[in-house]
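The values are calculated or read from the model by the stated rules, or taken from the named source; none is laboratory data. Remember, predicted model here, so these are calculated numbers, not experimental data. Positions of Cβ are generated from backbone atoms using ideal geometry, with glycine treated the same way; all protein chains shown enter the neighbour counts.
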Amino acid sequence: MKETVRNTALFAFVAFLIVLTGVMQSWNTALLILNMGLISAIMALGVNLQWGFAGLFNVGVMGFVALGGLAAVLVSMPPTNEAWAAGGIRVLAGLLAGAGVVVAAILVHRRMKPSRLRALLTLIILVGGFFLYREVFDPGVDAVEDVDPAATGYLGGLGLPILVAWPVGGLLAAGAAWIIGKAALGLRSDYLAIATLGIAEIILAMMKNEDWLARGVKNVVGLPRPVPYEVDLQQSADFLERAERLGLDPVTASSLFVKLSYSILFAAVLILILVLAQMALKSPWGRMMRAIRDNETAARAMGKNVTARHLQIFILGSAICGLAGAMMTTLDGQLTPTSYQPLRFTFLIWVMVIVGGSGNNLGAVLGGFLIWFLWVQVEPMGLFLMEAITASLPEGSAIKAHLLESAAHMRLFTMGIILILVLRFSPRGLIPER
């Protein structure tokens, strides 16, 4: 089978599964799977840039996705004026003081020759600066968090349109990637994985505990939308007329319209990133990155700055994950820091890349759609299977209860089986790198 025909057949099969979901279950469910599949495909493209192009083993994907979600809050939510008046300026002053201490310590370390005096001055700056930072920062945080903590208790955002938050999420993740990359990209691949995982956990710990920033575990709800609200559509005479013409009730029609609007926005972003990624792959830059991936020693001998190129693509891939994180938070309408789990936002994205085909952008997109569909649908299918198997067993049977309870674990079991089968029969993925 020719490559183009085979690839088209694979994408058509995934599309068929989504359409079948709409026919057998509901179109709301199908569109929800489609929307999250689009976002997952964008995340997979970001990881594929890092791993498939450059061989960078980033296990901190969830940290960059969470930063994208944080950007949605900081950009789109209205500012909390009472909190700013109570301690906002002091919080900013504390952050600037902390940054100044770090910069001063770096300048001393770089400009002085190695000596005991340099070590002593660096230590004095860091220790003294830490106490100065806490002296300025802590009272401001306490004042901000005391302002109506049940409803706000944080500084809020800039009140800008939510679509502005998407590129800002990418920029925020890119900035964090630059800091992480400068410190960790010189490490061996296994140590890089440990470092990125640890830093991702630090980012999540900060989001969960710093209430002044985004309410912590209290969550931020009611984020603005780039699409209309269902209630507004249900009050529109024109929309109600169109819904009646299609034979749909207003509630169902408004829900489908909103989800379809999100699908169009997400698809436009995915297509743009995919086109740019394909252009990069086929460019001299893309060939250079793959040469560095395959043989760093030979690339260095040819005069390539391997560390700088690794940092470059690490930033690009992380920015794409941050963009996807902002899109996902927009779709959810709220920021929930506790929902960022390594299983969902690191392991599953890696499965998408491996199953789809690392080093191939189309493979990453295919893996994003296919694996997300299975992640959503396997559990209800597993429950249906267990109910069929245990139908003949009497009520109250311990075996029946155990099998029905184990249906919740079908997701992990299925992901493991799929990963093993693909690695055994198609180790380069469903759409391998050419």
query = Can you find a residue in the stretch 265-288 that is of a type in the set (S, T, N, Q), assigned to a helix (DSSP H, G or I) and crowded, with 20+ Cβ neighbours inside 10 Å?
reply = no
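Results for (1) buried (at least 24 other Cβ atoms within 10 Å of the Cβ); (2) over 19 Å from L187 (Cβ atoms); (3) under 19 Å from the mean Cα position of the chain (by Cα), shown as yes or no for each residue.
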{"residue": "T297", "(1), (2), (3)": "no, no, no"}
{"residue": "R309", "(1), (2), (3)": "no, no, no"}
{"residue": "G317", "(1), (2), (3)": "yes, no, yes"}
{"residue": "L323", "(1), (2), (3)": "yes, yes, yes"}
{"residue": "M327", "(1), (2), (3)": "yes, yes, yes"}
task = Looking only at the stretch 174-208, count how many residues are in contact with a Ser or Thr (Cβ under 7 Å, 6 or more places away or on another chain) and of a type in the set (V, I, T).
result = 1
key: Selection count where residues are surrounded by 11 or more Cβ atoms within 10 Å (Cβ to Cβ) and without any contact (Cβ under 8 Å) to a residue 24 or more places away in the chain, scope the stretch 418-432   = 2
message = Considering only residues that are in contact with an Asp or Glu (Cβ under 7 Å, 6 or more places away or on another chain) and at pLDDT 90 or above, which ones fall in the stretch 148-168?
response = Y154
ask   = Do we find a residue being surrounded by 21 or more Cβ atoms within 10 Å (Cβ to Cβ), touching a residue at least 40 places away in the same chain (Cβ under 8 Å) and within 28 Å of the chain's Cα centre (by Cα) anywhere in the stretch 194-201?
value = yes
message = Cβ-Cβ under 8 Å, sequence separation 6+ or interchain: first residue in the stretch 40-52 and without any contact (Cβ under 8 Å) to a residue 60 or more places away in the chain and part of a helix (DSSP H, G or I), partner surrounded by 24 or more Cβ atoms within 10 Å (Cβ to Cβ) and small (G, A, S). Which pairs?
response = none
request  = Residue by residue through the stretch 329-347, note down the ones that are within 18 Å of R215 (Cβ to Cβ) and in a helix (DSSP H, G or I).
outcome  = T329, T330, D332, P337, T338, S339
